[in-house]
Amino acid sequence: MAASNLIRVSSPAYSSGSPAHAPFKRVGTHNGSFHCDEALGCFMIRLTDKFSHSEIVRTRDPKVLEGLDAVLDVGGVYDPSHDRYDHHQKGFEEVFGHGFTTKLSSAGLVYKHFGKEIIAKELQLGEDHPDVHRLFLAIYKSFMEAIDAVDNGINQFDTDKPPRYVNNTHLSSRVGRFNLDWTDPDQSPEKENEAFQQAMALAGSEFLESVRFHAKSWLPARSIVMECIAERFDIDPSGEIMVLKRFCPWKLHLFELEEELKIEPPIKYVLYEDERGKQWRVQAVAVSPDRFESRRPLPALWRGLRDDELSKEAGISGCVFVHMSGFIGGNQSYEGALAMAKTALKI
């Protein structure tokens with residue numbers, strides 16, 4: 001997707017071109033301090049056919065905003081039929097849907113209405129293609145929702161306890177640091193617009209990286225995991241052992257597909273080849289994506305043992321190791337790794 005077109009950012013006093021020389025549309029957002037949501041929203045909306053190459057006008061003047069083709073994060077109106085995407089007004093409770101309940105920011109609103117078009121262009125598919133819909137949901141979950149939540153002041157965890165550490169490395173924090181420092185002697189609108197342009201470029205580049213990662217890596221991995229889940233009963237009658245034909249990021253896909261396909265009983269072990277060591281791994285599946293505990297860790301008597309000692313204890317030749325926590329083990333062959341997983345199910 002071409003994203004290198006010139007981003008013109010201006011204030012009203014600097015955007016008064018002749019109508020004969022103004023073929024592109026104008027998208028408004030507020031001036032002053034900026035946040036990740038409007039920087040990303042302005043970047044994304046310019047990826048659409050409707051607002052391609054549009055000029056970004058930064059102002060809070062209601063009369064100026066009224067004459068613009070689209071307005072983000074200012075104006076007190078959410079009306080997609082007129083391309084108004086503010087979220088600060090009283091009574092605003094719009095969410096992404098599809099099971100997500102986080103209140104949207106201006107970036108979330110733009111993504112909700114234009115995300116499929118942007119993704120479809122990247123994949124060179126129609127907007128109604130199932131892969132476009134899958135990525136539309138996955139990118140919201142892994143990238144967009146956090147931006148909505150941070151902008152709306154929603155805590156990541158349901159707790160009254162203070163956070164155990166400060167995290168100022170996320171995208172919203174990094175975008176915020178582009179705001180002019182109070183010690184900077186140049187506080188002009190031109191300098192502020194230049195900073196906003198940098199913020200748009202950063203937020204936009206990370207968004208496009210997320211889209212491309214999901215298209216090139218996440219989506220193919222999902223297909224591999226789905227095929228392997230379908231063949232699990234060929235591996236073991238229990239259906240609780242899955243073998244990856246080709247190693248790929250499998251963990252999150254496994255949890256999502258188990259829920260989507262209503263897999264019972266849940267898969268306990270995943271086998272895959274470690275191509276670097278030319279060995280096989282047997283990994284215990286965690287109880288959930290964000291937990292370290294395993295559904296069924298490898299047997300306690302195996303943990304911390306290696307090589308011949310482990311092979312003797314397990315009664316399986318070719319064993320290499322089992323981690324002290326029991327979440328992963330290794331064997332020199334596929335047959336040995338499978339025997340470890342089958343034996344672990346019975347112990």
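The values are calculated or read from the model by the stated rules, or taken from the named source; none is laboratory data. Keep in mind it's a predicted model, so treat the numbers as computed, not measured. Heads up, the Cβs are rebuilt from the backbone with ideal geometry, glycines too, and the neighbour counts pull from every protein chain shown. Keep in mind that these areas ignore ligands, DNA and RNA; they rest on the heavy atoms of the full protein, side chains included. Shrake-Rupley method; radii C 1.70, N 1.55, O 1.52, S 1.80 Å.
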Kirkwood Rh, Cα atoms: Rg over Rh of segment 143-228: 1.12
Choice from G304, G91, G318 showing the highest fluctuation, given a GNM over the chain with Cα pairs closer than 10 Å: G91
Highest-MSF residue in the chain out of K262, K141, K50 [GNM, Cα springs under 10 Å]: K262
Label point distance in nm, A300-Q89, each placed 7 Å from Cα along Cα→Cβ: 6.2
3J(HN,Hα) from dihedral phi, segment 281-298, Karplus parametrisation 6.51/-1.76/1.60, rounded to Hz, x for glycine, proline: 10, 10, 10, 6, 6, 6, 5, 7, x, 9, 10, 8, 5, 8, 4, 8, x, 4
Antiparallel %, DSSP beta bridges [both residues in the chain], to 5: 60
Quarter of Cα convex hull surface for the chain, i.e. mean projection, nm²: 22.5
Fully extended contour minus Cα-Cα distance, from K278 to D186, at 0.36 nm per residue: 27.2 nm
Amide H contacts of L305 (H built 1.01 Å from N, under 5 Å, at least 5 apart or other chain): V322
Cross-link table K50/K112; K245/K278; K103/K161; K25/K50, entries beyond 18 Å C-alpha to C-alpha: K103/K161
Long-range HN-HN contacts of Q279 with modeled amide H, under 5 Å: D274
GNM top mover of L180, L310, L47 - the chain, alpha-carbon springs below 10 Å: L310
Computed FRET value (nearest 0.05) for S288 with K262, which takes r as the C-beta separation and R₀ as 22 Å: 0.85
Distance in nm between pseudo-label sites at V77 and V166 (7 Å out along the Cβ direction from Cα): 4.0
Residue-averaged [θ]222 nm for the chain, counting only DSSP H segments that reach four residues, each worth -39500 (n - 2.57): -11000 deg cm²/dmol
For segment 75-163, accessible area per residue (1.4 Å probe, heavy atoms of protein chains only), Å²: 54
Estimated inter-spin distance, D234 and S142, nm [label 7 Å along Cα→Cβ]: 2.7
Over 31 Å (Cα to Cα) - which of K121/K268; K216/K268; K141/K346 fall in this group: K121/K268; K141/K346
